[in-house]
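Structure first, then comments.
The values are calculated or read from the model by the stated rules, or taken from the named source; none is laboratory data. As the structure is a computational prediction, the values presented were derived from the model and not from experiment. Positions of Cβ are generated from backbone atoms using ideal geometry, with glycine treated the same way; all protein chains shown enter the neighbour counts.
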Amino acid sequence: MTEKKRVALVVGASRGIGRQVAVDLAKDGYAVVVAAKSTSSQTDHFHPFPPDPNSSHSTITTVAREIHEAGDEATAVQVDVRDPDSIERMVQKTIETYGGLDVLVYNSGAIWWASVESTPMKRFHLMQKVNVEGLYATVQNCLKWWRRNEWKGRIVVVSPPIYSRFFRGKTAYAIGKVGMSVLTKGLGMDFERDNRTGMAITSIWPAVAIQSAATADPAIQKDLRKATIFSDAILAILKAPAEQVNGCLELDEDFLRKVSVRDFSHYSLVPGTTPRRIMPARFPDLTVAEQADEGRRIDSMKIREAKM
């Protein structure tokens with residue numbers, strides 16, 4: 001009897017980092033649902049194939065085909081993460097197709113780096129809908145499945161450690177991305193408090209800039225790494241015991257160092273270069289002396305139910 005494959009849902013998997021994560025999870029034995037908004041026709045032909053993973057020609061359709069042609073398993077599911085109903089359908093389709101869900105990777109993201117004055121409300125709303133609200137809705141729908149299945153699952157969120165320099169020059173963007181990291185910390189605390197030892201949520205962020213559609217300038221290529229460092233770090237997080245990674249805000253390079261990786265030269269986009277680190281070496285400790293003093297926890301849902 002063939003062993004049932006683990007199932008991973010990668011949201012934001014049409015190109016760049018998300019595509020690499022989907023491809024490498026499939027290589028590692030997962031059945032992967034490749035989810036994003038962009039699709040292409042099955043009859044479209046790209047020469048060579050696969051298309052440039054950082055171009056608009058790379059879609060969930062081409063990524064799923066790429067995985068299939070490598071002998072692995074994938075299904076493309078279109079989703080608009082601004083729409084909670086679309087998200088619900090995506091999670092349902094995942095479970096209907098593969099009979100379960102083991103891993104969620106949320107990589108969808110909208111970006112606009114500018115001052116508050118130069119960030120239109122339309123851009124602000126888009127970033128909050130795609131980044132923090134899309135994540136929240138996706139996690140809630142996945143939790144419904146895990147609640148029915150003995151609380152065994154992993155969540156990986158693409159969001160940063162929390163530190164003040166991150167806010168500079170991109171406040172509107174930071175509001176959403178840091179909000180995603182707050183969800184990681186808070187949900188991780190819920191898992192711990194409720195003794196859900198089979199669950200873990202972890203945030204991950206690049207220590208060095210990674211090649212993408214936004215980094216095409218030839219002048220900065222020597223300061224970039226390949227997306228494989230990010231997917232390698234995610235695989236390492238998924239293989240770590242849940243209690244070691246739950247509620248953690250990690251950097252790709254720093255986590256790989258924790259699992260004894262020492263040579264990062266093969267991740268450099270330009271061979272022989274040492275890309276500049278863009279993240280601090282150390283981050284502030286967010287805990288306080290009174291960390292364990294929860295006081296009287298208020299549950300708004302229970303209060304609401306009691307009034308009905």
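Values computed for the structure shown
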quantity: Enumeration of residues in the range 132-175 that are out of contact with any Gly (no Cβ under 7 Å at 6 or more places or on another chain) and of a type in the set (A, V, I, L, M); calculated: Leu135, Ala137, Val139, Leu143, Ile155, Val156, Val157, Ile162, Ala172, Ala174, Ile175
quantity: Criterion violated by Ala236 - all others in (1) more than 14 Å from Val21 (Cβ to Cβ); (2) in contact with a helix residue (DSSP H, G or I) (Cβ under 8 Å, 6 or more places away or on another chain); (3) among the small types (Gly, Ala, Ser); (4) surrounded by fewer than 21 Cβ atoms within 10 Å (Cβ to Cβ) satisfied; calculated: (1)
quantity: Residue among Ala200, Ala214, Ala219 that alone is closer than 23 Å to Asp24 by Cβ, modelled with pLDDT under 95 and outside any loop (DSSP other than H, G, I, E, B); calculated: Ala214
quantity: Output for the range 134-172, where each listed residue is outside any helix (DSSP H, G or I) and aliphatic (A, V, I, L, M); calculated: Ile155, Val156, Val157, Val158, Ile162
quantity: Members of the range 16-47 that are modelled with pLDDT of 95 or more, under 17 Å from the mean Cα position of the chain (by Cα) and among the basic types (Lys, Arg); calculated: Arg19
quantity: Close pairs (7 angstrom Cβ cut-off, 6 or more residues apart or separate chains): assigned to a loop (DSSP other than H, G, I, E, B) in the range 29-45, modelled with pLDDT under 95 and basic (Lys, Arg) anywhere; calculated: Gly29/Lys5
quantity: Options Asp102, Asp80, Asp28, Asp72; residue that is touching a Lys or Arg at 6+ places or on another chain (Cβ under 9 Å), acidic (Asp, Glu) and under 20 Å from Leu126 (Cα atoms); calculated: Asp80
quantity: Any chance Thr138 is surrounded by 20 or more Cβ atoms within 10 Å (Cβ to Cβ), modelled with pLDDT of 95 or more, among the β-branched types (Val, Ile, Thr) and closer than 30 Å to Ser56 by Cα; calculated: yes
quantity: Pairs with Cβ under 8 Å, 6+ apart, first in the range 234-247 and more than 18 Å from Ser159 (Cα to Cα), second of a type outside the set (S, T, N, Q) and modelled with pLDDT of 95 or more; calculated: Ala240/Val259; Ala242/Arg154; Ala242/Gly198; Ala242/Met199; Ala242/Ala200; Glu243/Ala200
quantity: Elements of type helices (runs of 4 or more DSSP H) in the range 232-308, at least 3 residues being at pLDDT 95 or above and out of contact with any strand residue (DSSP E or B) (no Cβ under 6 Å at 6 or more places or on another chain); calculated: 252-258
quantity: Candidate set from the range 60-115 (those that are aliphatic (A, V, I, L, M) and in a loop (DSSP other than H, G, I, E, B)); member that is farthest from Ala236 (Cα to Cα); calculated: Ala114
quantity: Among (1) surrounded by fewer than 17 Cβ atoms within 10 Å (Cβ to Cβ); (2) part of a loop (DSSP other than H, G, I, E, B), the one test that Ala13 misses; calculated: (1)
